[in-house]
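Quick notes on the structure that follows.
The values are calculated or read from the model by the stated rules, or taken from the named source; none is laboratory data. Keep in mind that this is a model prediction, so the values were computed, not measured. Note: ideal-geometry Cβ built from the backbone for every residue, glycine included; neighbour counts use all protein chains shown. All accessible areas refer to the heavy atoms of the entire protein, side chains included, with ligands and DNA or RNA removed. Shrake-Rupley method; radii C 1.70, N 1.55, O 1.52, S 1.80 Å.
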Amino acid sequence: YRAELGVRASGFDVPRPLKLFEHAGLTRELLATVKRRGYAAPTAIQAQALPVLLSGRDAIGIATTGSGKTAAYLLPFIVHAMDQPPLQKGDGPIGLVLAPTHELAEQVTMEARKFAKGDGLRAVGVWGGVGKYEQLKELKAGADIVVGTPGRLLELIRPKGGQPGLSLRRVTYVVLDEADRMFDMGFAPQIDRIVGNTRPDRQTMLFSATFPAAV
C-alpha cells in the first residue's frame with residue numbers, strides 16, 4: 001500500500017498506513033467534521049502520519065504543499081487533547097503548533113478551529129501585529145490548542161512588566177510546521193526556549209514540504 005501511495009517510511013517498527021478515516025479511532029464528532037469537509041479517504045501523508053502520531057510517536061513528515069499535512073497532525077492533536085484531563089484555571093494549552101509566518105499561523109488556526117469545534121476544544125492563534133496583552137488575556141481564558149509564531153509566543157511566555165506569562169507545563173504535543181523554514185529564518189534559539197518550557201515527555205513532530213538532510 002505504501003508503494004501504491006508513493007510513501008516511504010523509515011524508523012523502528014513504523015505503523016502500517018490507514019486506508020480509511022474510520023480506522024483512525026477519531027471521535028464521532030471529529031469523523032463527522034472530516035466527512036463534512038469533503039475528505040473521502042486519507043491522502044498519502046495522512047494515511048501514514050495518522051497511525052504514527054496516534055500511537056504517540058515522534059515524527060518528521062515531508063510532503064508537498066496541498067497534500068493535507070495540516071490535517072495529518074491536527075486530527076491526532078484533537079484525539080490527544082480529548083484524552084487529557086480538562087484544563088483547570090491557570091493551565092496553559094495541551095499542545096502547540098509553531099509556524100514561521102503570521103499567514104501560515106492564521107491558516108492553521110482556522111483549520112484547527114474547524115476540526116476542534118465539534119469536540120468542544122478551543123484553538124487560539126497568536127502572532128505579531130495584534131496587541132499581545134489582548135492575546136494573553138484570550139489564552140488565559142482557556143485554550144487547548146495554541147498556534148503561533150515563535151517570536152510572539154516567546155513574548156507571551158515571558159511578558160515584560162512582571163505580568164504572569166503563558167504556562168506551558170501542560171503541553172504534551174508540539175508541532176513545528178515548515179520546520180526547515182523556521183530554522184533557515186533563524187528561529188532556532190526561540191524554538192529551543194519555547195520547547196524547553198514544555199513537558200519532557202511531550203510528543204514532537206516536524207512537518208514541511210522540503211527537508212534538507214542538514215536540518
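A few remarks follow.
- Accessible surface, per residue, of the chain when the full set of protein chains is kept, probe 1.4 Å, Å²: 50
- Whether segment 115-201 is rounded, prolate or oblate, judged on the alpha carbon gyration tensor where a/c under 1.5 counts as rounded: rounded
- Label separation (TYR133 vs LEU5): 4.9 nm, computed from points 7 Å beyond Cα along the C-beta direction.
- Segment 1-71 - percent of accessible surface contributed by carbon and sulfur, probe 1.4 Å: 52
- Coupling constants for segment 125-134 follow from the phi torsions by the Karplus curve (6.51 cos²θ - 1.76 cosθ + 1.60, θ = phi - 60°), and in residue order they are x, 9, 7, x, x, 10, x, 5, 6, 5 Hz; glycine and proline get x.
- Cβ charges +1 (Lys, Arg) and -1 (Asp, Glu), total dipole of segment 96-144, debye: 160
- For SER167, the amide hydrogen comes within under 5 Å of the amide hydrogens of GLY92, counting only partners 5 or more places away or on other chains and with H modelled in the peptide plane.
- In terms of distances greater than 19 angstrom between alpha carbons, the cross-link table entries LYS69/LYS132; LYS89/LYS114; LYS114/LYS137; LYS137/LYS160 yield LYS69/LYS132; LYS89/LYS114; LYS114/LYS137.
- Solvent exposure ordering (accessible area, 1.4 Å, most first) of SER55, SER67, SER10, SER208: SER10, SER55, SER67, SER208
- Stretched out straight at 0.36 nm per residue, the stretch from GLU103 to ASP184 would grow longer than its current Cα-Cα span by 27.4 nm.
- Shape of segment 174-215, Cα gyration tensor, a/c cut at 1.5: oblate
- Cα shape, the chain, gyration tensor, a/c 1.5 rule: prolate
- Each residue of segment 12-21 was assigned a 3J(HN,Hα) from its phi angle through the Karplus expression (A = 6.51, B = -1.76, C = 1.60, θ = phi - 60°), giving 7, 6, 5, x, 5, x, 8, 9, 9, 5 Hz with x at Gly and Pro.
- Solution diffusion estimate, µm²/s, Stokes-Einstein, segment 84-139, Kirkwood Rh from C-alpha pairs, 37 °C, viscosity 0.692 mPa s: 263
- Point-to-point label distance, THR210-ASP83, nm (Cα→Cβ direction, 7 Å offset): 3.5
- Mean separation of Cα contacts under 8 Å, 6 or more apart, over the residue count of segment 61-149: relative contact order %: 38
- Farthest toward the positive end of the dipole of segment 76-215, out of THR109, THR210, ALA143, is the Cα of ALA143, where the dipole comes from beta carbon charges about the Cα centre.
- Top positive-direction residue, dipole computed over segment 57-215 with Cβ charges, set ALA71, PRO100, ASN197: ASN197
- In the chain, the calculated helix contribution to ellipticity at 222 nm averages -11500 deg cm²/dmol per residue, counting -39,500 (n - 2.57) for every DSSP H run with n ≥ 4.
- Averaging the sequence gap over all C-alpha pairs within less than 8 Å and six or more residues apart, then dividing by the number of residues, gives segment 1-88 a relative contact order of 29 percent.
- Stokes-Einstein translational diffusion, segment 1-50 - Kirkwood Rh over all Cα pairs, 1.567 mPa s, 4 °C, in µm²/s: 111
- Hypothetical label at VAL14: residues of segment 62-91 whose amide nitrogen lies under 14 Å (7 Å Cα-Cβ projection): 62-63
- Area accessible to solvent at THR172, 1.4 Å probe radius, in Å²: 20
- Summed side-chain charge close to ALA99 - residues other than ALA99 whose Cβ falls under 11 Å, Lys, Arg +1, Asp, Glu -1: -2
- Trypsin sites (Lys or Arg not before Pro) restricted to segment 143-215 and DSSP loop, no more than 11 other C-beta within 10 Å: LYS160, ARG169
- Calculated from backbone phi, Karplus (6.51, -1.76, 1.60) coupling profile of segment 105-112 in Hz, x at Gly/Pro: 4, 5, 4, 5, 4, 4, 5, 4
- Relative contact order [Cα under 8 Å, 6+ residues apart], the chain, whole percent: 22
- Accessible surface, 1.4 Å probe, highest first, among residues THR70, THR33: THR70, THR33
- Ordered from largest to smallest accessible area (heavy atoms of protein chains, 1.4 Å probe), the residues VAL14, VAL171 come out as VAL14, VAL171.
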